[in-house]
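Here's the structure, in structure tokens; my notes come after.
Any read-out appearing in this document is the output of simple, stated calculations on the displayed coordinates, not a laboratory observation. Here the structure is a predicted model, which is why all the values come from computation and not from measurement. Neighbour counts are summed over all protein chains in view; Cβ atoms, including those assigned to glycine, are modelled from backbone coordinates with ideal geometry.
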Amino acid sequence: MAINFNRAEFVLSAASPEQFLRDGRKQLAFAGRSNVGKSSVINRLLNRKNLARVGSSPGKTTQINYFLIDGSIYLVDLPGYGYAKVSKAERDRWGRLMENYFQESGLIDVGVLIVDVRHKPTADDVAMCDFFRSGSYPMVVVANKTDKLKRSELERNLELIRETLDLDESELLVPFSAEKGDGKEQLLGLLRALCE
Ligand code: GTP
Ligand code: MG
């Protein structure tokens, strides 16, 4: 049966590797720059307002948050990278947490990379994409905040994202607006298919 994304519950915030979930359920890891809208994309997919906490200032998500969907898979909301305005100690803590998460094999079943559709992907985005691509699991790239672009700019920006991340035609790039809901059914369809 298709996974029902409307059945979602928050399970746990992991602040250290001992707390990572390893119960055999599939895990869909949402990664991307701070403030790009990872938590907002998750809320939109789940039809929830603020299950994943959204911030007006970057750096809102500082731990690894797990949401259990329909009792069967986890959406994993990761802290963003590339946010300079936190203390070095805090940045180091996130860095270690993320490193532990990404280095442990078997934790990720689908990599979801969120980028900002308005901008050329950063060097960090490219590194994140290459990391997901080097894994033995599928990856989806989501170009978020399409509501902030004119329709005429969309195609050009998607092309720039494809080029910069070096995506080939078989690699999935989904235009999305967490704000308006555009792309929701397409992304849900892809994630469902990848979880089967
Ligand atoms: P961190 O947890 O800090 O890594 O950020 P995040 O990637 O989880 O971003 P978050 O979901 O907290 O959103 C950051 C800001 O962008 C918030 O003010 C959101 O309301 C806004 N935002 C997210 N998605 C969209 C979108 O599709 N369109 C618009 N216009 N704003 C968005
Ligand atoms: Mg967040």
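Among Phe20, Phe30, Phe176, the largest mean-square fluctuation in a Gaussian network model of the chain (Cα springs under 10 Å) belongs to Phe20.
Exposure proxy ranking for Leu45, Leu188, based on other Cβ atoms within 10 angstrom of each Cβ and starting from the fewest, stands as Leu188, Leu45. The orientation-averaged projected area of the convex hull spanned by the Cα atoms of the chain comes to 10.5 nm². Under a model in which nothing but the beta-carbon of Lys, Arg (+1) and Asp, Glu (-1) is charged, the chain shows a dipole of about 840 debye around its Cα centre. A Gaussian network model of the chain, with springs between Cα atoms under 10 Å, assigns the largest mean-square fluctuation among Lys85, Lys49, Lys184 to Lys85.
Close amide H contacts of Tyr81 (hydrogens built in the peptide plane, cut-off under 5 Å, sequence separation of 5 or more or a different chain): Gly32, Arg33, Ser34. Give the cross-link partners of Lys88 among the lysines, using a straight C-alpha distance below 22 Å as the criterion and excluding same-chain residues fewer than 8 apart. Partners within reach: Lys60.
The relative contact order of the chain, computed from alpha carbon pairs under 8 Å that lie at least 6 residues apart in sequence, is 23 percent. A crude spin-label estimate for the pair Lys180 and Asn100, with each label 7 Å from Cα along the Cβ direction, gives 4.1 nm. Each of Ser134 and Thr122 was given a label point 7 Å from its Cα along the Cα-to-Cβ line. The distance between the two points is 2.0 nm. Largest GNM mean-square fluctuation among Thr61, Thr146, Thr122, using the chain with Cα springs under 10 Å: Thr122. For the range 65-147, the normalised intensity computed at q = 0.11, 0.17, 0.19, 0.25 Å⁻¹ comes to -0.35, -0.84, -1.04, -1.43 (log10 of I(q)/I(0), Debye sum over alpha carbons, equal scatterers, no solvent).
Taking the three principal axes of the alpha carbon atoms in the range 108-150, the coordinate ranges are 36, 19, 10 Å, sorted in descending order.
Taking other C-beta atoms within 10 angstrom as a stand-in for reagent exposure, Leu78, Leu158 fall in the order Leu158, Leu78, fewest first. The GluC sites (Glu not before Pro) of the range 38-114 meeting both criteria, a DSSP state outside H, G, I, E and B (loop) and at most 14 other C-beta atoms within 10 angstrom of the site's C-beta, are Glu104. Label sites at Ser16 and Arg91, each approximated as a point 7 angstrom past Cα along Cα to Cβ, lie 2.4 nm apart.
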